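Notes for the one structure printed next.
The values are calculated or read from the model by the stated rules, or taken from the named source; none is laboratory data. Being a predicted model, the structure only gives us computed values, none of them experimental. Here the Cβ is made from the backbone with ideal geometry for all residues, glycine too, and neighbour counts use every protein chain on show. Side chains are part of the model used for accessible areas, which takes the heavy atoms of the whole protein and leaves out ligands, DNA and RNA. Shrake-Rupley method; radii C 1.70, N 1.55, O 1.52, S 1.80 Å.
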Amino acid sequence: EIRLRVTYETSRFDRQTISKIIERLERVALTIAGDGHEFLGNVPLLSETEQQKLVQGWNATEAEYPAGCCIHELFETQVEKTPEATALEYGSQEVSYRELNARANQLAHFLRARGIGPEVLVGVCLERSVEMIIAVLGVLKAGGAYVPLDPSYPQARLTYMIEDAALELVVTDASSRHVLPNSGIDIIDLGMMVDTLADYPITNPINHTDPENLVYVIYTSGSTGKPKGVMVCHTSIANYVAWAARVYSSSPQIHSSLHSSLSFDFTVTCIFLPLITGGSVLIVLPDDDVVARTEAACNPSRTCVKLTPSHLDLLRSAA
């Protein structure tokens, strides 16, 4: 017989906590007594009930999401539902789902003719604009994956990212192309391609992309060394956006304001969450007051994504 006396400071521990500690110590002792050859690391501290609660119960996070779809297919489904609804707002400009889809399709057909397909990376170097979202959707519809290149980054960083990702093609415009290297990559200037793209079909390209294929590669800040490209696949984004739709609102339509660079990962939420739920994206003009524009977009008739500490905590837990 072994007797154990536990002395503890009652201002720091309660009786229930101490009892749990004793139960676990007893479980260890009984296991060792039953099998003296067992490795100590294999001896269970938790009871079957505790194991069920911690391992199974608290991890029961399964939820339905469109696992078999790519993110651009979800957008195309929404286009069929609400073709004339407003998808994008940029200053006085409004773009419907039908127009956004048609323009993205034309770019997609053009890019596919240039050899863009699954697992092919395409740089997108554009400021916040309608064209930026068209470029992103066009790359995805072509089958490729986009790499955000913030025009405000130092040229040395952009050059490093282009070389590290082995980019051969970058979609940009006249206001951003000057920050790109002068050689080694194919530049697609959307402003100069208007007439050329007008000759391409506005119909959805046949999808050749698998949900496990890349949707984008985003580079880290590089605060602990050189920036590193983080690869994200379609099924991950579909899973995340489905979660965000459940968490942010009970309304089927979600609206958001886009006021950050494409290189900021949360921009994925601001773009894709509205576009697959029938909402709209308010693209904040570069010289606008962000808070004023966000509050103006969020009126009682619209459900908006507001960045609050609780949302950030939810994002961290999801990650």
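Would you mind counting up the charge near residue 210? Only other residues with Cβ under 13 Å from its Cβ, with Lys and Arg at +1 and Asp and Glu at -1. It works out to a net charge of -3.
Normalised per residue, the accessible area of the chain is 55 Å², obtained with a 1.4 Å probe and no contribution from ligands, DNA or RNA.
Among beta bridges from DSSP that stay inside the range 42-151, the antiparallel ones total about 50%.
What order, most packed first, do the peptides 1-7, 210-216 have when packing is the mean number of other Cβ atoms within 10 Å of each residue?
Most protected by this proxy first, the peptides run 210-216, 1-7.
With an a/c value of 1.5 or above and a/b not larger than b/c for the gyration tensor axes a ≥ b ≥ c computed over the alpha-carbon atoms, the range 127-181 is described as oblate.
On the range 54-107, 48 percent of the accessible area sits on carbon and sulfur atoms, based on a 1.4 Å probe. The heavy atoms of residue 208 present about 110 square angstrom of accessible area, all protein chains included, probe 1.4 Å.
Please figure out what share of the DSSP beta bridges in the chain is antiparallel and state it in percent, rounded to the nearest 5. Spell out each step's value before the answer.
Numbers: 9 of 26 bridges.
DSSP beta bridges in the chain are roughly 35 percent antiparallel.
Order the peptides 161-169, 187-195, 236-244, 272-280 from the highest to the lowest mean number of other Cβ atoms within 10 Å of their residues. Present the calculation step by step, with values, prior to reporting the outcome.
Details: 161-169: 17.0, 187-195: 14.8, 236-244: 19.2, 272-280: 23.9.
Going from most to least packed, we get 272-280, 236-244, 161-169, 187-195.
In this structure the amide hydrogen of residue 228, modeled in the peptide plane, comes within under 5 Å of the amide hydrogens of 220, 222, none closer than 5 places in sequence on its chain. Alpha carbon centre of the range 261-280 versus the range 76-139: separation in Å? So the separation of the two Cα centres works out to 13 Å.
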